[in-house]
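Coordinate-derived values only; no laboratory data. Because the structure is a prediction, the values reported are computed rather than measured. All Cβ positions, glycine included, derive from the backbone under ideal geometry; neighbour counts span all protein chains shown.
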Amino acid sequence: MMWASWGEFWAMGGYGLYVWGSYGAAFIVILIEIISLGRGHKQTLKRLKRMKAWESQ
Amino acid sequence: MPDTAAVLTVHDLACARGERTLFSDMNFQLCQGELLLVQGGNGRGKTSLLRLLTGLSHPLAGEIRWRGEALADNREQYHREMAYLGHLNGIKDELTPVENLRLAAELSRIPLSEQEAERALSDIGLARCLDLPARVLSFGQRRRVALASLVTAGALLWILDEPLTGLDIHGVALIEGLLRDHVSRGGMVVMTTHQALSLDGVRIVPLQVGPVLTKIEEEIECCAS
Amino acid sequence: MSIAIFKYAAPMNFYGLAGRLIPWFAWSSGILTAIGLYLAFFVAPTDFQQGEAYRVIFLHVPAAWMSMFIYMVMAFWSAVGLAWNTRLSFMMSRALAPTGAVFAFLSLWTGALWGKPMWGAWWVWDARLTSSLILFFLYVGIMSLWSAIDDPRRGDKAGALLTLIGAINVPIIYFSVKWWNTLHQGSTINMTKAPSMAAIMLAGMLVMVFAAWFYAIAASLVRVRGIILERERQTEWVAEILEGKA
Amino acid sequence: MLRFLIAVIRRDLRLAARRKGDWMTSQFFFVMVVSMFPLGIGPDPVMLSKVAGGVLWVAALLASLLSLSRLFADDHHDGSLEQMLLSPNPTVLLALGKALAHWLIYGIPLLLIAPVLGVQFSLPADAIGVLMLSLLIGTPVLSLLGSVGAALTLGLRGGGVLLTLLILPLYVPALIFGAGAVDATLSGLGAEANLSLLAAFMVMTLLVSPWVAAAALKVSIE
């Protein structure tokens, strides 16, 4: 194992801000995209159902 | 006697606007010396059909043939023999009617001298305002400039989208005369109109787009769709 | 074999196929990411020059490659769509763009965060960073064109044309930025001299690249299914699906 | 064939002559944008001469984008674009003709105004000469790529802003080589390399963009 302790791991040799800044941002952005994909698909289904209901009246 | 071979033929044409199919499996043909009168309620696809015939837009399915060849193959020859008058007049406001006519002729490679342009315009009743910029003309007068440019184009097939809108009685009578001359000389016309036309002696081929509606139903039906 | 391909060119069949593929790509992307991160943080040695900061390349390089690769795939689908007028390829191109833009943004963000410890500045006008900034603008341009056009048919073709003329320009932009960059700062600051790639580092990076690639495929397949439903809502197979998911 | 191209160019020139207002606004926009920079950067001549190439080129980009959004829009609005598309001539010539007409109307005047502004930025004579040459070679690129953007955004709401968003990234090589030519002469390196690359880029856009613009017109007019 490279790191003596978790503390050292987070410190990342003093560059913690930059390394975790980029990985953190990447994690957040990808998470946002996954959530928006899921929600987008549901919304499309809901909207299409509503339009179908409106058309078939 | 114009030959009776069908010049314009349409095979099971289908057209859609956005995701809605307007009409499908439409078949008809038009020979020289005939006028195709396209009828149907608003929003049924009359204008879309005309734009398909001009080649500006592409059909969902089916094919349009001119002299036996598909439009895409002989586009240049077809456009030389066809003239289109849509809702818009295609007139530049900054130019005078004479300049507009000569410009339109030049762009479709037809020689048109100054005198010929002036004669065409005075024939159509615009003798007084030859050198005014088109901007000052009324809608009806601008429509006549577009009609003059249609006549000078000397095309075999006229495609007219509600040419009578905005014209006074003299204008309507003028157009009926133009249509009669054109068709009797072996020309072809595809047109839509909501006003009654008195075109005696002209072979009219009716074409219905969408369901046949009585007067009252027409308003209700079109809003529900 | 060719009949099978065209079978999936029909939106209905492709919808089902995509549905079956998504879990595979999603899971493999997740596993590969885990392996990649493990390699990046727990196996790769500390770099003698840059200390721990270099570990950002395990994220920056895959993001930069993917943003370029996805743009080329979009250009391919656009060309196919324009040539054979297959609406499905336009839909694929539309589905890929957001993920491409996300990767372009990530490559800029990680590039800046890597530049700070290495050269002491958040933003360095390095040739590759600048051209991925311009690539990001191209993505934004295409997506805004799509959103500005309501008619799907026109939107597809207009977007495809813009993607193609963009694809022709991307190498020229990269060349001109490289030319411009070397003129101004000379070659003192140079990203091409990547740290000597120990085998482990290269392996870690490749795993991350595949993880990003599978993620991009999974994300775009989900998006393309949504677009297919939207476009084919008049058909009865979509109606069944809508009832099915009542 | 060529007659149609010349007819389109002559038509646009005549229309522009009749409506001098639009032409004037574009030129004044160019002058005003360029004159704002010294107020922002400061009057120091050494600094101004260093940024002159870049400022003038960026202003040329913006001025051409301003006038490009109406390249096809006016004709589309009154129906003459449809009539021209229905003329028995290839659409590529129409797109090329409109782009060249735009270049003659809005590109060349930039060339004539640039020396005056170059003096304002205390550029030496040879740098002004290279600036004019780079503008002469570069402005066709602005019009040609811009005509593609104008055709794509025809009839869209917010078309002008969208056009800028789409086409500005594609202008980058022209900006780099154009402005670079001026800097190269200032630093004594000689601008042949930049100018030849700019010319190469111009020839490429001349070959590519009319076809793309014609396809975009057919798509937009549908």
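Picking from B:Q141, B:Q77, B:Q32, which is most flexible by a Gaussian network model of chain B using Cα springs under 10 Å? Most flexible of the set in this elastic network: B:Q77.
Annotation: amide H of B:R17 within the under-5 Å range of B:L22, sequence separation 5 or more or interchain, hydrogens built in the peptide plane. Between amide H atoms placed 1.01 Å from N, distances below 5 Å from B:A70 occur with no residue 5 or more places distant or on a separate chain. Against chain A, whose longest principal axis is taken from its Cα atoms, helix A:16-55 shows a tilt of about 10°.
The gain in end-to-end length when the B:L56 to B:T165 segment is fully stretched comes to 37.0 nm, 0.36 nm per residue minus the alpha carbon separation.
With respect to chain B, whose longest principal axis is taken over its alpha-carbon atoms, helix B:114-123 is tilted by about 60°. Taking square-rooted eigenvalues a ≥ b ≥ c of the alpha carbon gyration tensor, is chain B rounded, prolate or oblate, where a/c under 1.5 means rounded and, failing that, a/b exceeding b/c means prolate? Note, shape of chain B comes out prolate. A crude spin-label estimate for the pair B:H11 and D:D44, with each label 7 Å from Cα along the Cβ direction, gives 7.6 nm. Each Cα pair under 8 Å and six or more residues apart adds its sequence gap; the mean of these over the residue count of chain B is a relative contact order of 29 percent.
Per-residue ellipticity at 222 nm from helix content only, as computed over the protein assembly as shown with -39500 (n - 2.57) for each DSSP H run of at least four residues, stands at -22500 deg cm²/dmol.
Only one residue of B:L30, B:H79, B:L53 has its Cα farthest out toward the positive end of the dipole of the range B:1-110, where Lys and Arg carry +1 and Asp and Glu -1 on Cβ, and that residue is B:L53.
In order along the range D:136-142, phi translates into HN-Hα couplings of 4, 7, x, 4, x, 4, 4 Hz, rounded to whole numbers, per the Karplus curve 6.51 cos²θ - 1.76 cosθ + 1.60 with θ = phi - 60° and x for Gly and Pro.
In terms of its alpha-carbon gyration tensor, chain C comes out oblate; a/c meets the 1.5 threshold, while b/c is at least as large as a/b.
In whole angstrom, how long is each semi-axis of the equivalent ellipsoid of the range B:90-154, when you take the square root of 5 times every eigenvalue of its Cα gyration tensor and sort them from largest down? Walk me through the numbers on the way to the answer.
Numbers: eigenvalues 54, 29, 21 Å².
After scaling each eigenvalue by five and taking roots: 16, 12, 10 Å.
For chain D, with only Lys/Arg (+1) and Asp/Glu (-1) charged at the beta-carbon, what is the dipole magnitude about the Cα centre, in debye rounded to 20? Don't skip to the end; give the middle numbers.
On the way: 12 positive and 11 negative charges, 106 e Å.
So the magnitude is around 500 debye.
Using θ = phi - 60° in the Karplus curve 6.51 cos²θ - 1.76 cosθ + 1.60, the 3J(HN,Hα) couplings for the range D:153-158 round to 9, 5, x, 8, 6, x Hz; x is entered for Gly and Pro. The overall shape of the protein assembly as shown, judged from the alpha-carbon gyration tensor, is oblate: a/c is not under 1.5, and a/b is no greater than b/c.
The label point for C:M72 and the one for C:T235, both projected 7 Å from the Cα toward the Cβ, are 3.2 nm apart. For the protein assembly as shown, the residue among D:S64, D:M204, A:I35 whose Cα projects farthest onto the positive side of the dipole built from Cβ charges is A:I35.
Across the range D:74-80, computed HN-Hα scalar couplings (Karplus, 6.51 cos²θ - 1.76 cosθ + 1.60, θ = phi - 60°) run 4, 5, 5, 5, 9, x, 6 Hz from first to last residue, x flagging Gly and Pro.
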